[in-house]
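To start, the structure itself, in structure tokens.
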Amino acid sequence: MTAAVLYGKEDVKIEKVPIPRVGEGEVLVKVQVALTCGTDLKVYQRGYHARMIVPPALFGHELAGVIEEIGPGVRGFKRGMRVVALNSAPCQMCFYCSKHQENLCEDLLFNNGAYAEYIRVPRRIVETNMLAVPPDVSYEEAAMVEPLACVLRGLHETEVEIGDTVTVVGGGPIGLMFMQVAKAIGCNVIAVVKRDSQVAAAKRMGAHEAVQITKVSDPVEAVRMLTTGRRGSDVVIEAVGRSEAWEWAIDMVRKGGTVNFFGGCASGTKVQLDTNRLHYSEITLKATFHHTPETVRRAFGLISEKKIRSNDYITGEAPLSRLTQVLRHMLNRNGDIKTAIIPGH
């Protein structure tokens with residue numbers, strides 16, 4: 001089969017590799033669509049991911065497809081079923097799983113290889129995080145379950161409430177998804193973005209106001225000016241993964257507010273914090289990573305109910321053979337949100 005293999009920093013090759021063989025409890029899925037995302041772009045830039053992937057390795061993790069082959073012992077699924085298979089599954093036995101923090105599982109099993117004609121889905125994911133896709137849900141919509149599940153967990157852990165002013169720093173797919181969901185639950189949303197195309201996208205997703213950092217001298221002050229009494233936002237979500245943006249987020253939040261450092265910075269990144277402001281303003285700092293089986297199902301429900309639609313996010317389509325060009329194009333921050341990669345075309 002044809003597949004994308006990550007070898008290192010900005011080094012992805014489209015190669016012929018063997019079709020995976022399935023074992024006990026496993027399934028082989030013929031990939032119908034794989035979506036690009038900000039995490040894959042960071043992995044492409046850095047050449048690795050601290051938790052998810054170590055090169056050389058098959059690449060990509062947002063997918064939906066059709067079951068091609070069933071291994072012995074698989075229950076609830078059969079050949080020909082349309083499915084979405086998540087990129088991980090917890091052990092459900094360790095300390096963190098017992099605390100309902102499955103995303104921090106001591107043996108969190110990751111699965112990569114969405115940018116390929118076929119992908120083997122391990123038994124644990126089949127049993128825990130693979131879902132049958134209804135006929136009226138497209139493959140593109142189903143493939144968006146993974147990022148949406150991460151966003152839902154982030155908002156839940158941040159304890160966002162109806163009526164809150166929520167500032168989202170970042171206009172990529174995840175940032176836009178935060179804006180859309182926050183607006184849907186009744187929040188006043190402020191977007192902090194860089195490019196003209198991101199301003200337009202943020203407004204489409206429900207942002208009431210947008211601060212374009214290239215057109216203001218002080219993004220922090222610009223956000224504060226949009227809040228009552230210049231007090232700052234109730235919640236600030238950093239969805240970029242840069243130290244400067246982490247520091248902005250702390251200065252954009254009000255006294256007693258909460259910051260969620262959702263965007264993961266490169267390994268070894270340091271930030272400077274004003275301890276006086278943190279302490280005397282009672283600012284809560286949180287970071288959320290990944291998803292849980294519960295948020296996966298909540299995300300799947302929203303997509304099945306058509307409350308989140310793929311055409312809001314998918315701005316292009318390309319064959320697997322052009323994946324490298326697509327990733328290079330994304331590095332230029334050209335305004336594309338997600339590209340649907342279609343294997344076999």
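The values are calculated or read from the model by the stated rules, or taken from the named source; none is laboratory data. Worth saying up front: this structure is predicted, and the values here are computed from it rather than measured. Cβ placement follows ideal geometry from the backbone for every residue including glycine, while neighbour counts extend to all protein chains displayed.
Restricting attention to segment 71-88, and to residues there that are touching a residue at least 60 places away in the same chain (Cβ under 8 Å) and not in a loop (DSSP other than H, G, I, E, B), which single residue is farthest from VAL33 (Cα to Cα)? Please lay out each step first, then the result.
Taking segment 71-88 first, the residues touching a residue at least 60 places away in the same chain (Cβ under 8 Å) are 82, 84, 86, 88.
Of the ones still in play, those that are also not in a loop (DSSP other than H, G, I, E, B) are 82, 84, 88.
On the way: ARG82: 12, VAL84: 10, SER88: 18 Å.
So the residue we want is SER88.
Inspect segment 266-281 for any residue being closer than 20 Å to HIS156 by Cα, among the polar types (S, T, N, Q) and assigned by TED's automatic domain parsing to the domain that holds ALA182 and give the result as yes or no.
Kept after step one, since they are closer than 20 Å to HIS156 by Cα, are these residues of segment 266-281: none.
No: segment 266-281 contains no residue that is closer than 20 Å to HIS156 by Cα, among the polar types (S, T, N, Q) and assigned by TED's automatic domain parsing to the domain that holds ALA182.
Taking into account only those residues within segment 124-147 that are touching a Leu at 6+ places or on another chain (Cβ under 9 Å), farther than 25 Å from GLY335 by Cα and not polar (S, T, N, Q), which is surrounded by the fewest Cβ atoms within 10 Å (Cβ to Cβ)?
Looking only at segment 124-147, we keep the residues that are touching a Leu at 6+ places or on another chain (Cβ under 9 Å), and these are 124-125, 128-131, 139-140, 142-147.
So of that shortlist, the ones also farther than 25 Å from GLY335 by Cα come out as 124-125, 128-131.
Retained after the next criterion (residues that are not polar (S, T, N, Q)): 124-125, 130-131.
Numbers: ARG124: 20, ILE125: 21, MET130: 23, LEU131: 18.
Checked segment 124-147; the qualifying residue surrounded by the fewest Cβ atoms within 10 Å (Cβ to Cβ) is LEU131.
Working carefully through the options GLU24, GLU68, find the one that is surrounded by fewer than 21 Cβ atoms within 10 Å (Cβ to Cβ) and either polar (S, T, N, Q) or in a strand (DSSP E or B) (or both).
Details: GLU24 fails: either polar (S, T, N, Q) or in a strand (DSSP E or B) (or both).
Answer to the check: GLU68.
So which of LYS42, LYS9, LYS78, LYS13 ends up being in the same structural domain as PRO135 (by TED's automatic domain parsing) and surrounded by 16 or more Cβ atoms within 10 Å (Cβ to Cβ)? Can you show your working first?
Details: LYS9 fails: surrounded by 16 or more Cβ atoms within 10 Å (Cβ to Cβ); LYS78 fails: surrounded by 16 or more Cβ atoms within 10 Å (Cβ to Cβ); LYS13 fails: surrounded by 16 or more Cβ atoms within 10 Å (Cβ to Cβ).
Exactly one residue qualifies, and that residue is LYS42.
Give ALA202, ALA249 a once-over and let me know the one that is without any contact (Cβ under 8 Å) to a residue 40 or more places away in the chain and within 24 Å of GLY335 (Cα to Cα).
ALA202
Taking strands (runs of 3 or more DSSP E) that do not extend beyond segment 275-345, which have at least 2 residues that are among the small types (Gly, Ala, Ser) and surrounded by 14 or more Cβ atoms within 10 Å (Cβ to Cβ)?
Values: elements: 284-286, 314-319, 338-342.
Per the criteria, 314-319.
Can you pull out every residue in segment 81-98 that is surrounded by 22 or more Cβ atoms within 10 Å (Cβ to Cβ) and either modelled with pLDDT under 95 or of a type outside the set (A, V, I, L, M, F, W, C) (or both)?
Filtering segment 81-98 down to residues surrounded by 22 or more Cβ atoms within 10 Å (Cβ to Cβ) leaves 84-90.
If the condition is that a residue be surrounded by 22 or more Cβ atoms within 10 Å (Cβ to Cβ) and either modelled with pLDDT under 95 or of a type outside the set (A, V, I, L, M, F, W, C) (or both), then ASN87, SER88, PRO90 are the ones that fit.
Out of SER98, SER138, I need the residue that is of a type in the set (Ser, Thr, Tyr), farther than 27 Å from GLY263 by Cβ and in contact with a helix residue (DSSP H, G or I) (Cβ under 8 Å, 6 or more places away or on another chain). Which one? Working first, answer last.
Details: SER98 fails: in contact with a helix residue (DSSP H, G or I) (Cβ under 8 Å, 6 or more places away or on another chain).
On inspection, the qualifying residue turns out to be SER138.
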